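Working notes for the structure below.
The values are calculated or read from the model by the stated rules, or taken from the named source; none is laboratory data. Every value quoted in this text rests on a predicted model; they were computed, and no experiment measured them. We place every Cβ from the backbone using ideal geometry, glycine too, and count neighbours over all the protein chains shown. Heavy atoms of the whole protein, side chains included, go into the accessibility calculation; ligands, DNA and RNA do not. Shrake-Rupley method; radii C 1.70, N 1.55, O 1.52, S 1.80 Å.
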Amino acid sequence: MSAPPSLYSWAGGSDALERLTTRFYEMVRADPLIGPVFAAMSPAHPAHVAAFIGEVFGGPAAYSAARGSHTGMMQAHLDRHL
């Protein structure tokens, strides 16, 4: 009996997560209320978020390899009150 697929696999892998986060940031940047919070983010930010989500969902450790630890990510966001 094989193990069930990971959430990463069920979500469609890195391509699907990048499409999802790209679309999310397009939508929130256009929102008049919360858009200013996201307006200055790097164009690469959606890909970083997709890698983070992918890793948390059981995918490859791409975020940790390229961007550091989850603890570091949390510390970088503390002053943003998100």
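Listing for the model above:
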| item | result |
| --- | --- |
| In segment 22-57, residue surrounded by the fewest Cβ atoms within 10 Å (Cβ to Cβ) [restricted to those that are farther than 18 Å from S6 by Cβ and touching a Pro at 6+ places or on another chain (Cβ under 8 Å)] | F24 |
| Selection count where residues are under 23 Å from R19 (Cβ atoms), out of contact with any Asp or Glu (no Cβ under 9 Å at 6 or more places or on another chain) and among the polar types (S, T, N, Q), scope segment 54-82 | 0 |
| Matching residues in segment 1-21 - criterion: being open to solvent by less than 90 Å² (accessible area, probe 1.4 Å) and touching a residue at least 12 places away in the same chain (Cβ under 8 Å) | S6, Y8, S9, A11, G13, S14, L17, E18, T21 |
